[in-house]
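> Sharing a structure below in structure tokens format, with a few things to ask.
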Amino acid sequence: MSTLNRALTLATLTLAAAVTAQASQIAGASTAAVLGSERSESYVTTKDGVSLYYKDWGPRDGQVVTFSHGWPLSSDSWESQMMFLASKGYRVVAHDRRGHGRSSQPWEGNDMDHYADDLSAILEALDLKDATLIGFSTGGGEVARYIGRHGTGRVKKAVLVASVPPQMLKTDSNPNGVPLEVFDGLRQASLENRSQLYLDIASGPFFGYNRPGATPSQGLIQSFWAQGMQAGHKNTYDSIAAFSATDFREDLEKFDVPTLVIHGDDDQIVPIDTSARASAAIVKDAKLIVYPGAPHGLADTHKDRLNQDLLDFLEK
């Protein structure tokens, strides 16, 4: 074969491979589009055009566990739990909420209904079934609203970790909630200097570093700050209302899967009496585990215990 013929043959094969790859991508995108979203490597695009970053770790045939993160963090905040469970054979999936982490920063739609629909988009695009949904803080609200809006057809179990449901804000129907002035203060601090706000939260109540005898970890403080600053300003500002004012009581009443509620009794961010204990009383047959002395950020400060509790619940 001449040099020219060999070159033409190589060019033809290269073109054929490219066409085949493109056709495969189009077919995959078409399948995802039927489910209401578009998927590319590490990203899912929602119906309203928001690009959601996700991690998909562990064996693809493993039992599925999803993680929904807190404010103003990202899926990075779940890395300890994801590494642990993936090493045990679970398929672990976590996404960056809209406006947070590596996802898009839309001006509108920073509310619990959209958060829940975004979680649905991830589950559908990846075709995840029999999943255990785990939510921390704001992410617990996301899980609750997902079940309230989308049901449990794809859900096997649910876990609420230091989560905001049933409702944080003090109202006439929720007299034991947190006063509005607290959240207004968060909003004002965010507008004035959100970088300092995130440092103050991480250095103080989030990890319990403001308690006598506490030994602050600069690594955890800096990680919290870095994740917060990666999020959009408008998105995290709007999210304060989403996690504080949303009433999840009707959503919790729709839970019909085994549910575990975990909370620290020294949580200064989301007080246990108005959250975990109230949620466990609403969800039928929910199991409540209280960590004595644990702060809000127990996924880091008490990660070994949390990892084991999650594994025990998954294996039941």
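The values are calculated or read from the model by the stated rules, or taken from the named source; none is laboratory data. In this text, all values refer to a predicted model and were calculated from it rather than measured experimentally. Note: ideal-geometry Cβ built from the backbone for every residue, glycine included; neighbour counts use all protein chains shown.
> Conditions first: (1) without any contact (Cβ under 8 Å) to a residue 24 or more places away in the chain; (2) closer than 24 Å to residue 98 by Cβ; (3) in a helix (DSSP H, G or I). Residue 198 passes all but one, so which condition is the exception?
The one condition residue 198 does not meet is (1).
> When you scan the range 296-304, do you find a residue that is among the aliphatic types (A, V, I, L, M) and in a helix (DSSP H, G or I), even just one?
Here is the first cut: in the range 296-304, the residues among the aliphatic types (A, V, I, L, M) are 298-299.
Now narrow it down to the ones that are in a helix (DSSP H, G or I): 298-299.
Yes, the range 296-304 has at least one match.
> Report, by residue number, each residue of the range 221-248 that is polar (S, T, N, Q), farther than 18 Å from residue 53 by Cβ and surrounded by fewer than 22 Cβ atoms within 10 Å (Cβ to Cβ).
Applying the first criterion (polar (S, T, N, Q)) to the range 221-248 yields 222-223, 227, 230, 235-236, 239, 244, 246.
Still in the list and also farther than 18 Å from residue 53 by Cβ: 222, 244, 246.
222, the sole residue that qualifies.
> Among the residues in the range 85-92, are any at pLDDT 95 or above, closer than 22 Å to residue 164 by Cβ, in the same structural domain as residue 300 (by TED's automatic domain parsing) and of a type outside the set (A, V, I, L, M)?
Within the range 85-92, not a single residue is at pLDDT 95 or above, closer than 22 Å to residue 164 by Cβ, in the same structural domain as residue 300 (by TED's automatic domain parsing) and of a type outside the set (A, V, I, L, M).
> While we're here: Evaluate the range 66-89: report whether one residue or more is on the phi > 0 side of the Ramachandran plot and charged (D, E, K, R).
no
Let's see how each residue does on (1) touching a Leu at 6+ places or on another chain (Cβ under 7 Å); (2) of a type in the set (Ser, Thr, Tyr); (3) surrounded by 23 or more Cβ atoms within 10 Å (Cβ to Cβ); (4) closer than 21 Å to residue 262 by Cα:
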{"residue": "137", "(1), (2), (3), (4)": "no, yes, yes, yes"}
{"residue": "154", "(1), (2), (3), (4)": "yes, no, no, no"}
{"residue": "165", "(1), (2), (3), (4)": "yes, no, yes, yes"}
{"residue": "172", "(1), (2), (3), (4)": "no, no, no, no"}
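> Here is a follow-up. How many residues are in a loop (DSSP other than H, G, I, E, B) and closer than 12 Å to residue 245 by Cα when one looks only at the range 174-193?
2
> Which of (1) surrounded by fewer than 23 Cβ atoms within 10 Å (Cβ to Cβ); (2) among the charged types (D, E, K, R); (3) in contact (Cβ under 8 Å) with a residue 60 or more places away in the chain is the odd one out, the single condition residue 251 does not satisfy?
(1)
> Got a number for residues in the range 253-279 being assigned to a strand (DSSP E or B) and among the charged types (D, E, K, R)?
Of the residues in the range 253-279, 0 are assigned to a strand (DSSP E or B) and among the charged types (D, E, K, R).
> Within the range 65-82, how many residues turn out to be without any contact (Cβ under 8 Å) to a residue 40 or more places away in the chain and over 9 Å from the mean Cα position of the chain (by Cα)?
Of the residues in that region, 2 qualify.
> List the number of the failed condition for residue 209; all other conditions in (1) of a type in the set (Phe, Trp, Tyr); (2) under 17 Å from the mean Cα position of the chain (by Cα); (3) part of a loop (DSSP other than H, G, I, E, B) hold.
Residue 209 satisfies all of (1) of a type in the set (Phe, Trp, Tyr); (2) under 17 Å from the mean Cα position of the chain (by Cα); (3) part of a loop (DSSP other than H, G, I, E, B) except (2).
> Out of 142, 192, which single residue is modelled with pLDDT of 95 or more and over 19 Å from the mean Cα position of the chain (by Cα)?
Criteria check complete, one pass: 192.
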